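Visitor: Attaching a single structure in structure tokens format; questions to follow.
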Amino acid sequence: MAAGSFFMYEKQNDVALITRNMLNEILVAAAIQQLTSRTRR
């Protein structure tokens, strides 16, 4: 039972990491888009 809960904790950690990475990528993409649109004008 303890091993199962530990596995669940590991899974939750992975999901949090993936979510954070996705958010970072979205933020970076948005920043790059803003920079490119600013220089175009």
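Visitor: Six or more apart or on different chains, Cβ under 7 Å: which pairs go from a residue in segment 7-29 that's aromatic (Phe, Trp, Tyr) and outside any helix (DSSP H, G or I) to one that's surrounded by 10 or more Cβ atoms within 10 Å (Cβ to Cβ) and at pLDDT 80 or above? Could you list them?
Guide: none
The rows are residues; the columns are (1) surrounded by 10 or more Cβ atoms within 10 Å (Cβ to Cβ); (2) modelled with pLDDT of 85 or more.
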| residue | (1), (2) |
| --- | --- |
| Ala2 | no, no |
| Asn13 | yes, no |
| Leu17 | yes, yes |
| Arg20 | yes, yes |
| Glu25 | yes, yes |
| Val28 | yes, yes |
| Ala31 | yes, yes |
| Leu35 | yes, yes |
| Arg41 | no, no |
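The values are calculated or read from the model by the stated rules, or taken from the named source; none is laboratory data. From a predicted model like this one, the values you see are computed outputs, not experimental measurements. Neighbour counts are summed over all protein chains in view; Cβ atoms, including those assigned to glycine, are modelled from backbone coordinates with ideal geometry.
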